[in-house]
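The block underneath contains the structure these notes are about, expressed in structure tokens.
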Amino acid sequence: MIIFAMCCCGISRAQSTVANVDVSLTMPSVALVDILPSGSNAVTLQMTAPSEAGNTVGTGTANSANWLVFTSAVAPGASRSIRGDVVGSLPPGIRLRLDISPYVGTGQGFTGGNSYVTANTYLTNTPTNFIANIKGAYTGITYGSSGFKLNYSLEIQDFANMRSGTTSVTVRYTMVDN
């Protein structure tokens, strides 16, 4: 019986070798933002004339045909925000409102307190943050079911300054490091 135990110990002491491979991983910083339109990026908002004297000018119908999508990869401990601003001059007396829906889709990086809509905003020539705490995330790219739905509307800010005419401006979206 003692011989058997010695034989088993000798078998369990077999030699092993180890081989190592050094692997270098590189993840680039990624900051991409885009608009998914329902055909064209162009948004048309039109004030409506009253049908009877003494009534107010209407602010027209809102436009919610665009979706904002993005992809982000940041350095450890970093985050980003998305901001919007107007390039050009809005007509006097008029404000351009932007309402942003909560995230929908199958992308990742939007749960557990990560990326979130901070506020709906009035777009001006001064950039305003409206999605914050973006870290590693992607929205998906399917129109109507991925990203953040954008709703544009007009509001009358000062009746005394309103003038008739047509104005074109550009709304610029920028992903920025915090």
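Ignoring the sites themselves, what is the longest stretch of the chain with no trypsin sites (Lys or Arg not before Pro) in a DSSP loop and at most 14 other beta-carbon atoms within 10 Å? Between exposed loop sites, the widest span is 14-162. With all protein chains in place and a 1.4 Å probe, the accessible surface of the chain carries 54 percent carbon and sulfur.
Calculation over all alpha carbon pairs of the range 48-178 in 5 angstrom steps from 0 returns a P(r) of 2, 10, 18, 20, 16, 12, 9, 7, 4, 2, 1, 0, 0 percent.
Per the Debye calculation on the range 49-120 with a single equal scatterer at every Cα and no solvent contribution, log₁₀ I(q)/I(0) for q = 0.20, 0.22, 0.26 Å⁻¹ amounts to -1.08, -1.21, -1.45. Summary value for the range 33-158: 35 percent relative contact order, contacts being C-alpha pairs under 8 angstrom separated by 6+ residues. Assuming R0 = 35 Å, what is the FRET efficiency of Ala78 and Asp158, from their Cβ-Cβ distance, to the nearest 0.05? The computed FRET efficiency comes out at 0.30. Placing unit charges on the Cβ atoms of the charged side chains and taking the dipole of the range 12-154 about its Cα centre, the candidate lying farthest along the positive direction among Val21, Ala75, Ala42 is Val21. Overall, the chain carries a charge dipole of about 280 debye about its Cα centre when +1 sits on the Cβ of Lys and Arg and -1 on the Cβ of Asp and Glu, all other atoms neutral.
Helix 2-12 and the longest principal axis of the Cα set of the chain meet at an angle near 40°. Once the 1.4 Å probe is applied to the protein heavy atoms, the chain comes out at 65 Å² accessible per residue.
Distance between the C-alpha centres of the range 113-155 and the range 25-87: 7 Å, rounded to the whole angstrom.
The values are calculated or read from the model by the stated rules, or taken from the named source; none is laboratory data. Quick caveat: nothing in here was measured; it's all calculated off a predicted structure. FYI the Cβ positions are ideal-geometry reconstructions off the backbone, even for glycines, and counts take in every protein chain you see. Just the protein is used for accessible areas: all its heavy atoms, side chains included, with ligands, DNA and RNA removed. Shrake-Rupley method; radii C 1.70, N 1.55, O 1.52, S 1.80 Å.
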